[in-house]
Amino acid sequence: MFDWLANPNRFKKITNKLEPSLLVISLLFIIFGLYFSLFDSPKDYQQGDAVRIMYVHVPSAWLASFLYLSLAISSIFYLVWKHPLADLISSSIAPIGALFSILTLITGSLWGKPMWGTWWVWDARLTSMLILFFFYLGFILLHNAFERKVDGSKSASVLAIIGIINLPIIKFSVDWWHTLHQPSSILKFDGPSIDNQMLLPLTLMIIGFGLFSLYLIIVNVKTKLIEKKCEALILKLNLKELS
């Protein structure tokens, strides 16, 4: 079953059909999400218009964590089943996840300055998100640090799996420790504590960001497949010339 799902030709055949639709649908969600976020959602009674940063900050934070989980899962698949497509998926996810991590930290600082009076504090949530970015960065650096690509892939995959331990810390840091960061207001056992006028644009942005990140991953994987095919062709030509 894994071989069927991970076949590069089948992957390209399926994604060629999905790719245009993903881009259009994701952009539509983001456009509508931004419209409702900026023009139709209410101000917060304490934070005022500064709360609108939430509509980029929260989706970015969710995507940064979810993409790292996906990175770790694909790394497990690579280490266990040794399938090269799993490694391509991991290396395609990493820069996108790192980008969302940076976006989370930047928007968090922009939001924190008017609310907390400072751009940065060593808060449990902020620190664990910074560590997540370092795990992404470590994966990218390790993946490209070895002459033999397989050595880099294995080392980076092991690091990705170790980094899973940081995900529950990010999620529950606001519950485990006293922190400046506000507690969770969406994923709660008793339901969201956020107004529906805010929840709608936030949901649209989360879906839009998620679909757009999937589109970028597909483009990255397909680009890497083309690169590998070109490398194999060049190697074949070089060997032919030598013989």
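Values quoted throughout were computed directly from the atomic coordinates according to the rules given, and no laboratory measurement underlies them. Predicted model, so just to flag it, every value in this text is computed and none were measured. Every residue, glycine among them, receives a Cβ derived from its backbone with ideal geometry; neighbour counts consider all protein chains shown.
Brief remarks follow.
- The range 36-50, subset free of Cβ contacts under 8 Å to residues at least 40 places away in the same chain and part of a helix (DSSP H, G or I), residue farthest from LEU211 (Cα to Cα): ASP49
- Qualifying position, being crowded, with 21+ Cβ neighbours inside 10 Å, under 24 Å from LEU159 (Cβ atoms) and touching a residue at least 12 places away in the same chain (Cβ under 8 Å), among LEU88, LEU103, LEU130: LEU88
- Test: residue in the range 16-24 that is assigned to a helix (DSSP H, G or I), farther than 30 Å from ASP87 by Cα and in contact (Cβ under 8 Å) with a residue 60 or more places away in the chain: no
- When ILE76, ILE93, ILE53 are checked against the criterion of being under 26 Å from VAL150 (Cα atoms) and surrounded by 19 or more Cβ atoms within 10 Å (Cβ to Cβ), ILE93 stands alone in meeting it.
- The set of residues from the range 64-73 being surrounded by fewer than 24 Cβ atoms within 10 Å (Cβ to Cβ) and under 12 Å from ALA156 (Cα atoms) comprises just one member, ALA72.
- The residues listed here are GLY152, GLY117, GLY138, GLY163; of these, the one that is more than 28 Å from ASP44 (Cα to Cα), small (Gly, Ala, Ser), surrounded by fewer than 22 Cβ atoms within 10 Å (Cβ to Cβ) and free of Cβ contacts under 8 Å to residues at least 12 places away in the same chain is GLY152.
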